[in-house]
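Below you'll find the structure, written out as structure tokens, and then a few comments.
The values are calculated or read from the model by the stated rules, or taken from the named source; none is laboratory data. Keep in mind the model is a prediction, meaning the values are calculated, not measured. Glycine also receives a Cβ, built like all others from the backbone with ideal geometry; neighbour counts cover every protein chain displayed. Note: accessible area is taken over every heavy atom of the protein model, side chains too, but ligands, DNA and RNA are not part of it. Shrake-Rupley method; radii C 1.70, N 1.55, O 1.52, S 1.80 Å.
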Amino acid sequence: RFSSKASMETKTVFVLRFECVSTGKTFDLTYQRLNNISEEIQNHFAKLTDSDGPGRESPSMIGSVVYRNVPKFALQGGSEDRDGQIERTRARGTCIKTEDLGDISEKGMLCFLVREGKICDEFFIGFAPLPHLKGKQVVFARLIEGESNMNELESLGSPSGETTERIKLSIVTYQ
């Protein structure tokens, strides 16, 4: 994990490690941050992945649960798990600009949800290109390694979005 803005500016490759709570099996997805990401969005991601940074206003993504997993569509997470109850976050993040919104043009792209003109603490991973969502999400990074792990995560979903296994984001590391 990193805990400074300077690290975020130099570290563009990172790994999201998801963990199946019941089995302990892990799924690593390696991402490359996109070049056109604004400083505000980079700082938002830095706050979310800094589990013990001082002055953190938003809850950390670390330990958050996957609350929706729809095969051939997307995995959504970032909500807090409070004694087994999923608490979805309100729009309390960074205000976004139109240029921060992107196109989910590839399988595996990491995005942030947008509500009320603000980036949320919730993340979104597309299991397919999703051109109908163009301009509605902040597209943050491209999957560069771990497609087989992503396919396995996708298989833990259902058409209704219910996950067949409880999945948490256990750690974010930078390379």
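Would you check which residues across segment 44-72 are loosely packed, with under 14 Cβ neighbours inside 10 Å and at pLDDT 75 or above and list them?
If the condition is that a residue be loosely packed, with under 14 Cβ neighbours inside 10 Å and at pLDDT 75 or above, then 72 is the only one that fits.
Which number in (1) open to solvent by 60 Å² or more (accessible area, probe 1.4 Å); (2) closer than 20 Å to residue 172 by Cα; (3) modelled with pLDDT of 75 or more marks the one condition that residue 131 misses?
Exception for residue 131: condition (2).
Determine, yes or no, whether residue 22 is in contact with an Asp or Glu (Cβ under 9 Å, 6 or more places away or on another chain), closer than 18 Å to residue 171 by Cα, modelled with pLDDT of 75 or more and open to solvent by 20 Å² or more (accessible area, probe 1.4 Å).
Yes: the conditions hold for residue 22.
Within segment 111-128, track down each residue that is at pLDDT below 90 and either buried (at least 20 other Cβ atoms within 10 Å of the Cβ) or touching a Lys or Arg at 6+ places or on another chain (Cβ under 8 Å) (or both).
The answer is 111, 112, 113, 114, 115, 118, 119, 120, 121, 122, 123, 124.
Open to solvent by 60 Å² or more (accessible area, probe 1.4 Å), assigned to a loop (DSSP other than H, G, I, E, B) and not aliphatic (A, V, I, L, M): does that describe residue 107?
So residue 107 passes the test.
Could you check segment 150-162 and list, in sequence order, the residues that are open to solvent by 40 Å² or more (accessible area, probe 1.4 Å) and of a type in the set (S, T, N, Q)?
Hits for segment 150-162 are 151, 155, 160.
Working carefully through the options 37, 41, find the one that is among the hydrophobic types (A, V, I, L, M, F, W, C), part of a loop (DSSP other than H, G, I, E, B) and at pLDDT 80 or above.
Selected residue: 37, the only one of 37, 41 that is among the hydrophobic types (A, V, I, L, M, F, W, C), part of a loop (DSSP other than H, G, I, E, B) and at pLDDT 80 or above.
Quick one: residue 141 ticks every box in (1) at pLDDT 95 or above; (2) buried (at least 20 other Cβ atoms within 10 Å of the Cβ) except a single one, so which number is it?
Here residue 141 clears every test but (1).
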